[in-house]
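The structure under discussion appears below in the form of C-alpha cells.
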Amino acid sequence: MKKWFNSLPRIVQMILLFIPGVNWIMELGVRWSHFAEKKGLFSLLLAILTIPGGVLFGWLDVIWCLLFKHLFLAR
C-alpha cells in the first residue's frame, strides 16, 4: 500500500490525508505495509502507535508529504 500511495499524484494524497476517517485508514495501511516490507522494530513501533494515534500521525503526514513528497518515516 505504501508504493501505491506514493505513486498517487500529490493532490490525491493530500485529499486522502485531509479526510479524517480515510486519513486513519491510509495511515494504518501505509504503516503496516512499511513494517511488512522493512521488518524493523522501529517500523513495528510506528505501526502499533498508529492504531490509537493514526489521525495525529495523519496530520503530521499532510505537512511532511507537502514538504518531502513522502510520508513521515515511511520512505
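The values are calculated or read from the model by the stated rules, or taken from the named source; none is laboratory data. Please read all numbers here as calculations on a predicted model, not as lab measurements. Don't worry about glycine lacking a Cβ; one is built from the backbone with ideal geometry, like all the others, and counts go over all protein chains shown. Ligands, DNA and RNA are excluded from the accessible area calculation, which covers all protein heavy atoms including side chains. Shrake-Rupley method; radii C 1.70, N 1.55, O 1.52, S 1.80 Å.
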- Item | Test: LEU71 is in contact with a Cys (Cβ under 9 Å, 6 or more places away or on another chain), in contact (Cβ under 8 Å) with a residue 24 or more places away in the chain, under 20 Å from LEU8 (Cβ atoms) and not acidic (Asp, Glu) | yes
Just one listed residue, out of LEU16, LEU44, is in a helix (DSSP H, G or I), at pLDDT 85 or above and under 17 Å from LYS3 (Cβ atoms), and it is LEU16
Picking from HIS70, HIS34, the residue that is in a loop (DSSP other than H, G, I, E, B) and in contact with a helix residue (DSSP H, G or I) (Cβ under 9 Å, 6 or more places away or on another chain) would be HIS70
| query | Scanning for something open to solvent by 50 Å² or more (accessible area, probe 1.4 Å), among the basic types (Lys, Arg) and either within 13 Å of the chain's Cα centre (by Cα) or at pLDDT 85 or above (or both), does the range 60-72 turn up at least one residue? | reply | yes
Before we move on, is VAL55 modelled with pLDDT under 85 and either out of contact with any Leu (no Cβ under 8 Å at 6 or more places or on another chain) or open to solvent by less than 70 Å² (accessible area, probe 1.4 Å) (or both)?
yes
